[in-house]
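Since the structure comes first, as structure tokens, the remarks are kept for the end.
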Amino acid sequence: MHAMHQNLLFNPQGKDEVEIRTIIKGSTTGLFNLNAVKYPWAKSLYQVMIGNFWVPEKISGLKDDARMFHSDLTAEEQRAYKGILSFLIFLDSIQTVNLPHFSDFITSPEVNLILSIQTFQEAIHSQSYATILESVVDSHERDEIYYFWRSDKILLERNKYIGQIYQGFIDQPSDENFFRGIVANFLLESIYFYNGFAFFDTLVDHMKMPATGRMIAYIRRDELTHITIFANIIKEIKREFPEIYNEKVILDMMEIAVKQEIEWSTHILGNRIPGINGQTTAEYTKWLADQRLGMLGIAPLYKEVITNPYKHLERLQDPNSDKSNFFESTVVNYTQSTSMNGSWEF
């Protein structure tokens, strides 16, 4: 394996010139010279990410969600609500802690900048889940939700898979482990959240848990920018370091992610939630995987899947629909985000 070396905190011998700057393996001084930018996509993302600032304490209506949770949700919906929150809590927790480990090897200050913003946003997401749990779920159930993986074998395997890839790079920072870690970041941001998001959107479509849905809408808006960060990092590695780029690794890891996502989502959602079943879960996950591969310029894996089976997601997120008021506070910034990449889909 080819070892990678963490950036020096201050390197007087470094060179910051744009013409020799690379996404990794450069020799920077450690100075954030943000007037000299090589990667304009990072500067554009900075503007969107800063414009998307929000805090969970500003979301109203969670007390109404608490009432709905106990009176309107079926037992199956309550179980899915709690189990999905447990997985989302893990994903944002590990991202908050792990992102600086990867940023330490990125040698572009404009990309380091947006990774710092992403880290902050992941922490906000963790606080948003804490706010949901504090407002909606009985206090004696909160620890059970946080540590659901201790009693659920499928969730434990999911968490271990991504955790081991990240830990593998920390323990052995090689070219190969770095690339696997970057791909894992892309998959986490672009695949792992989305059946959970679809569940919350389906509840909203059935006039249930609207405040939770608003919180998830803000989180999803952030995640779209995070997907784009890692898609661009992967594409820059392909352009600048073709010897590190490995499309087979991407495809193999995507297949594993899709299989695990279908297994987990079918397990936690079951077949008794209106609008969601095992077939729609599989179709949606595969459709989404092909959309994400398209962002990397890679051909579809699942050619038999052509469309998104969840038409209500498109309706909820359409500013011209009857339910556009649900997303009225997010539509403008979401439009800014989607304008950066026409292939973005939910």
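Listed values, structure above:
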{"quantity": "Selection within the stretch 23-47 - under 25 Å from the mean Cα position of the chain (by Cα), in a loop (DSSP other than H, G, I, E, B) and β-branched (Val, Ile, Thr)", "calculated": "23"}
{"quantity": "Single residue of 306, 237, 250 found to be crowded, with 18+ Cβ neighbours inside 10 Å, farther than 20 Å from residue 161 by Cβ and aliphatic (A, V, I, L, M)", "calculated": "237"}
{"quantity": "Long-range neighbours under 6 Å by Cβ, at least six apart or interchain, first residue over 18 Å from residue 91 (Cα atoms) within the stretch 261-275, second in a helix (DSSP H, G or I) and of a type in the set (S, T, N, Q)", "calculated": "266/281; 275/202"}
{"quantity": "Criterion (part of a helix (DSSP H, G or I) and surrounded by fewer than 19 Cβ atoms within 10 Å (Cβ to Cβ)) met by exactly one of 182, 170", "calculated": "170"}
{"quantity": "Those residues of the stretch 133-148 which are in a helix (DSSP H, G or I) and either among the charged types (D, E, K, R) or surrounded by fewer than 18 Cβ atoms within 10 Å (Cβ to Cβ) (or both), in sequence order", "calculated": "134, 139, 140, 141, 142, 143, 144, 146"}
{"quantity": "Residue 225 vs. criteria polar (S, T, N, Q) and farther than 21 Å from residue 111 by Cα", "calculated": "no"}
{"quantity": "Yes/no for residue 162 being surrounded by fewer than 24 Cβ atoms within 10 Å (Cβ to Cβ), under 17 Å from residue 293 (Cα atoms) and either at pLDDT 95 or above or over 12 Å from the mean Cα position of the chain (by Cα) (or both)", "calculated": "no"}
{"quantity": "Filter pass, residue 198 being touching a strand residue (DSSP E or B) at 6+ places or on another chain (Cβ under 8 Å), buried (at least 19 other Cβ atoms within 10 Å of the Cβ), on the phi < 0 side of the Ramachandran plot and not charged (D, E, K, R)", "calculated": "yes"}
{"quantity": "The stretch 118-132, subset surrounded by fewer than 20 Cβ atoms within 10 Å (Cβ to Cβ) and aliphatic (A, V, I, L, M), residue nearest to residue 80 (Cα to Cα)", "calculated": "130"}
{"quantity": "Scan of the stretch 150-177 for residues that are touching a Phe, Trp or Tyr at 6+ places or on another chain (Cβ under 7 Å) and under 30 Å from residue 63 (Cα atoms), ordered by number", "calculated": "155"}
{"quantity": "Criterion violated by residue 285 - all others in (1) under 28 Å from residue 77 (Cα atoms); (2) modelled with pLDDT under 95 satisfied", "calculated": "(2)"}
{"quantity": "Cross-chain or 6+ apart pairs with Cβ under 6 Å, the stretch 108-132 first and under 12 Å from residue 92 (Cα atoms), then surrounded by fewer than 18 Cβ atoms within 10 Å (Cβ to Cβ) and among the small types (Gly, Ala, Ser)", "calculated": "126/93"}
{"quantity": "Count of residues meeting criterion [assigned to a helix (DSSP H, G or I), surrounded by fewer than 21 Cβ atoms within 10 Å (Cβ to Cβ) and acidic (Asp, Glu)] in the stretch 70-117", "calculated": "1"}
{"quantity": "Any hit, the stretch 283-292, residues being among the hydrophobic types (A, V, I, L, M, F, W, C), without any contact (Cβ under 8 Å) to a residue 40 or more places away in the chain and in a helix (DSSP H, G or I)", "calculated": "yes"}
{"quantity": "Among the residues listed as 133, 62, 115, 73, the single one being within 15 Å of the chain's Cα centre (by Cα) and either of a type in the set (A, V, I, L, M, F, W, C) or closer than 23 Å to residue 265 by Cβ (or both)", "calculated": "115"}
{"quantity": "Pair list, Cβ < 9 Å and 6+ apart or interchain, from the stretch 170-187 residues that are touching a residue at least 24 places away in the same chain (Cβ under 8 Å) and under 17 Å from residue 96 (Cβ atoms) to residues that are polar (S, T, N, Q) and assigned to a helix (DSSP H, G or I)", "calculated": "170/98; 170/177; 181/98; 185/95; 185/98"}
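Per-residue answers, yes or no, for (1) under 22 Å from residue 55 (Cα atoms); (2) polar (S, T, N, Q):
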| position | (1), (2) |
| --- | --- |
| 149 | no, no |
| 154 | no, no |
| 164 | no, yes |
| 168 | no, no |
| 184 | no, no |
| 194 | yes, no |
| 213 | yes, no |
| 236 | no, no |
| 253 | no, no |
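The values are calculated or read from the model by the stated rules, or taken from the named source; none is laboratory data. No experiment lies behind these values; they were computed from the predicted model shown. Cβ: placed from backbone, ideal geometry, glycine included. Neighbour counts: every protein chain shown.
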